[in-house]
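Each remark here refers to the structure printed beneath this line.
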Amino acid sequence: MIKYVPNTLSIMRMVLSLSLLYLAYAGLTWIFVGVYIAAGLADVFDGIIARRCKVESDLGSKLDAIGDSMLFGCAAIAVLFLAGLSFEPSALLCFLVLVPGVIYKLLNVAVTKARFDQWNMMHTLLNRAVFVSIFLVVPVFMIMGNITWWVIMIMSIAMCLACLEETVTLFKIDEYHVGHNGILGSKILKKESRA
């Protein structure tokens with residue numbers, strides 16, 4: 001029975017992600033933040049349960065990647081709803097600055113398909129760090145109603161750097177593993193294990 005829990009959590013995250021669109025449109029900020037955090041926790045626990053109970057699967061990996069994309073895609077659209085879907089310079093700048101990172105991430109998915117014949121996103125150490133920082137910024141924006149452009153710029157640059165590292169990793173490895181730490185992550189972990 002436990003083998004179904006990680007995939008169920010991933011599917012639950014997809015449903016919660018879609019509900020964020022309605023919550024933002026309806027202006028239910030605090031409920032949005034609660035659902036957003038619940039979706040994030042589902043993301044954390046699906047992987048932990050899968051690894052600890054040794055029930056990792058290709059389907060689970062794909063559901064996790066889809067769930068991640070849906071969570072951040074829906075959160076980004078929701079942020080635009082709360083920004084009043086305005087084309088004010090600050091809202092437009094935030095959107096445009098994040099676009100290169102999103103496109104780069106999709107290109108890495110295409111590289112993964114071309115090199116390893118699977119649609120997936122690698123969870124390098126740098127990707128995970130960027131994911132957590134972006135995850136934390138969204139509720140801050142939702143509660144405060146505003147976020148400075150330089151925070152968005154830093155997030156976009158960090159996302160592109162994480163994608164660059166993922167691209168290099170994808171071309172250096174011979175066998176794909178979704179949980180690969182990446183080139184930088186592997187070096188950091190190697191230094192820590194020697195210390």
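The values are calculated or read from the model by the stated rules, or taken from the named source; none is laboratory data. Here the structure is a predicted model, which means the values were calculated and not measured. All Cβ positions, even for glycine, are placed from backbone atoms using ideal geometry, and neighbour counts span all protein chains on display.
Among the residues of region 16-45, those identified as surrounded by 20 or more Cβ atoms within 10 Å (Cβ to Cβ) and over 18 Å from Val137 (Cβ atoms) are Leu16, Ala42. Leu18 fulfils the conditions (1) modelled with pLDDT under 90; (2) not small (Gly, Ala, Ser); (3) not assigned by TED's automatic domain parsing to the domain that holds Met153 except for a single criterion, (1). Considered as a group, the residues in region 62-93 that are touching a Gly at 6+ places or on another chain (Cβ under 9 Å) and either among the aliphatic types (A, V, I, L, M) or farther than 27 Å from Phe141 by Cα (or both) include one that is modelled with the highest pLDDT, and that residue is Leu71.
Counting only residues that are closer than 17 Å to Val168 by Cα, part of a helix (DSSP H, G or I) and in contact (Cβ under 8 Å) with a residue 12 or more places away in the chain, region 120-129 holds 3 of them.
In a residue-by-residue description of region 161-173, the property of being modelled with pLDDT under 75, surrounded by 19 or more Cβ atoms within 10 Å (Cβ to Cβ) and part of a helix (DSSP H, G or I) applies to no position. Looking at region 46-60, I want the residues that are more than 12 Å from Ile2 (Cα to Cα) and have a partner that is assigned to a helix (DSSP H, G or I) and of a type in the set (A, V, I, L, M, F, W, C) with Cβ atoms under 8 Å, at least 6 apart or on another chain. Which pairs are those? Close Cβ pairs (under 8 Å, with a partner that is assigned to a helix (DSSP H, G or I) and of a type in the set (A, V, I, L, M, F, W, C)) amount to Ser57/Ala50; Gly60/Ala50. Residues in region 142-160 that are more than 23 Å from Gly34 (Cβ to Cβ) and either at pLDDT 75 or above or surrounded by 14 or more Cβ atoms within 10 Å (Cβ to Cβ) (or both): Ile152, Met153, Ile154, Ser156, Ile157, Ala158, Met159, Cys160.
There is at least one residue in region 130-141 that is within 12 Å of the chain's Cα centre (by Cα), at pLDDT 80 or above and β-branched (Val, Ile, Thr).
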